[in-house]
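The values are calculated or read from the model by the stated rules, or taken from the named source; none is laboratory data. What you see is a predicted model, and the numbers here were worked out from it, not measured in a lab. Cβ sites come from the backbone with ideal geometry, for glycine too, and all protein chains shown count toward neighbours.
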Amino acid sequence: MGQQDPQKELFSYHIDLDRRVRADNPLRQIAAAIDFTFGRQLVAHTYGANGNVSVDPAVILKMMFLLFYDNVASERQLMKIIAERLDYLWFLGYGLDQEVPDHSVLSKARARWGNEVFEELFIQTISACVAAGLVDGSKLHMDGSLIAANASSDSVIKSSPELIAALKGAYQEQAAKLEEPAGSASLVNQTHVSTTDPQAQLAAKKGHPSRPSYKEHRAVDNAHGVITAQTITGGAVMEDTQMMELIRQHESHTQCTAGTVVADSQYGTVKNFLACQDRGVRAHMADLSTAQRKGGMRKDFFGPEQFHYDAKSDTYRCPEGKNLKRWQRRPEKDGWQYKAPAEVCARCALRPLCTNSKHGRRVQRFNRQIEVDALRARSASPVARRDRKRRRHLMEGSFADAANRHGLKRARWRGLWRQRVQGHLIAACQNIRILLRQCRPVHKVATAAIAPNLFPPKLRPSCRHNFLRITPDHI
């Protein structure tokens, strides 16, 4: 029977971390997939030519990645864990006797670098997934999710618009003194602001009270759920306003043209339908007006489809047979409203089934109404409904995974630009995990054999292009 000797060795000359870290450790696969040294060039302009030598920016970027990859509670705790984990030390390129930096190095680097380097890391993971054949690129799914700001509801104050504007200016001035990106204080309206995080907006989930929040808008690819675009806004920003930005990001990051966009009724506005039509994208979104009518106060009234348009006279005929003439121009919606005289509606026998407004029933017609009707009909097709059913699986799974494994639902820091850093890092972690899950290596004893077998050098036919950041040859 053997007995372990607890006596510490005076000298350790033969400890090789490369042999201590198992061949199939996920960090080995991540190191083979992503070259973190790209960050040095991006942040070089933030460093001087003399003074103390900093920690390698590539190492800091890896530490930030580990913070979210394993959802470590804090940066202080991360620095303690690094010294205990051999695979962390190997991943960072540290030796057993090398001193781990103070946690403040991470916060100072974020403030000095800004958001660009973290966004580039996110794009690097997309490029790796495309190079591995995990991105189809032609169909993407969209949704948004609220993120609780690092501020309590008690920090929200209500006052006059003038005082709120003054507070907003004061917060920006303080941020400038700290040499941090100030941004603009986003408010739910002109009378509310959080004194803890002025850039968070009051927003509420259904059945819950309002609280300071941010919102992540995300697009995922149809093939394997790879996140190809994401942006962070205040919690009160409507999801439909970010649709075209997500499409632009998706096409820029993947070099693939979006053919179909799948989304729920929050995206299904007339403006988005027409924007997709002009861009040559098939819109498989649920129609917002139909959803509002089914779930709102007008669900028991006649729908717009029961009013028939006569192009010759430019009038609508209601179910009672009365004419509604062009009445008011709606430039913000690129259309017109049609209305019958109020006294005609007042005497109508079908009024209880049509409207409860004292001004009578109004019907809206868009200047491109024929196209709108065709696009709405397409959104109700069986193919579009099947796509929206898959969207629920992909999007809810993507957000649930981000919340459970990477801490998406709670902001670690304060300020919109910091929240965007968090969003990029979490999306990068998820894409890396998809990459590792779909491209499992052939396990061999020799660790050098991992990299050639990790990512098959294939591209899907819809995404034939050369990537400057990561190519199969680099991998």
> So how many residues does region 112-161 have that are of a type outside the set (Ser, Thr, Tyr), closer than 18 Å to Val220 by Cβ and either assigned to a loop (DSSP other than H, G, I, E, B) or without any contact (Cβ under 8 Å) to a residue 60 or more places away in the chain (or both)?
Replying inline: 6
> With respect to Glu245, is the statement that it is of a type outside the set (Gly, Ala, Ser) and under 27 Å from Asn150 (Cβ atoms) true?
Replying inline: yes
> Would you call Ala83 modelled with pLDDT under 95, within 23 Å of Arg410 (Cβ to Cβ) and of a type outside the set (Lys, Arg)?
Replying inline: no
> How many of the residues making up region 250-275 are buried (at least 20 other Cβ atoms within 10 Å of the Cβ), under 18 Å from the mean Cα position of the chain (by Cα) and more than 22 Å from Arg392 (Cβ to Cβ)?
Replying inline: 2
> Tell me, which residue of region 163-212 that is within 23 Å of Lys108 (Cβ to Cβ) and in a helix (DSSP H, G or I) is modelled with the highest pLDDT?
Replying inline: Tyr171
> Can you name every residue in region 46-57 that is surrounded by fewer than 17 Cβ atoms within 10 Å (Cβ to Cβ) and in a helix (DSSP H, G or I)?
Replying inline: Thr46
>> Can you tell me which of (1) outside any loop (DSSP other than H, G, I, E, B); (2) loosely packed, with under 15 Cβ neighbours inside 10 Å is the one Met244 doesn't meet?
In response: (2)
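Mind telling me which of the residues Ala223, Ala219, Ala236, Ala229 ends up being modelled with pLDDT of 90 or more and in a loop (DSSP other than H, G, I, E, B)? Reasoning before the result, please.
Details: Ala219 fails: in a loop (DSSP other than H, G, I, E, B); Ala236 fails: modelled with pLDDT of 90 or more; Ala229 fails: in a loop (DSSP other than H, G, I, E, B).
None of the others qualify; the one that does is Ala223.
Here is a yes/no grid of residues against (1) among the aromatic types (Phe, Trp, Tyr); (2) outside the structural domain of Ala403 (by TED's automatic domain parsing); (3) modelled with pLDDT of 95 or more:
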site	(1), (2), (3)
Phe68	yes, yes, yes
Val72	no, yes, yes
Glu75	no, yes, yes
Leu78	no, yes, yes
Tyr88	yes, yes, yes
Gly95	no, yes, no
Val100	no, yes, no
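Out of all the residues in region 47-64, which are β-branched (Val, Ile, Thr) and either under 19 Å from Ala32 (Cβ atoms) or in contact with a helix residue (DSSP H, G or I) (Cβ under 6 Å, 6 or more places away or on another chain) (or both)?
Selection gives Val55, Val59, Ile60.
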> Of these, Asp287, Asp278, which one is under 30 Å from Arg351 (Cα atoms) and over 15 Å from the mean Cα position of the chain (by Cα)?
Replying inline: Asp287
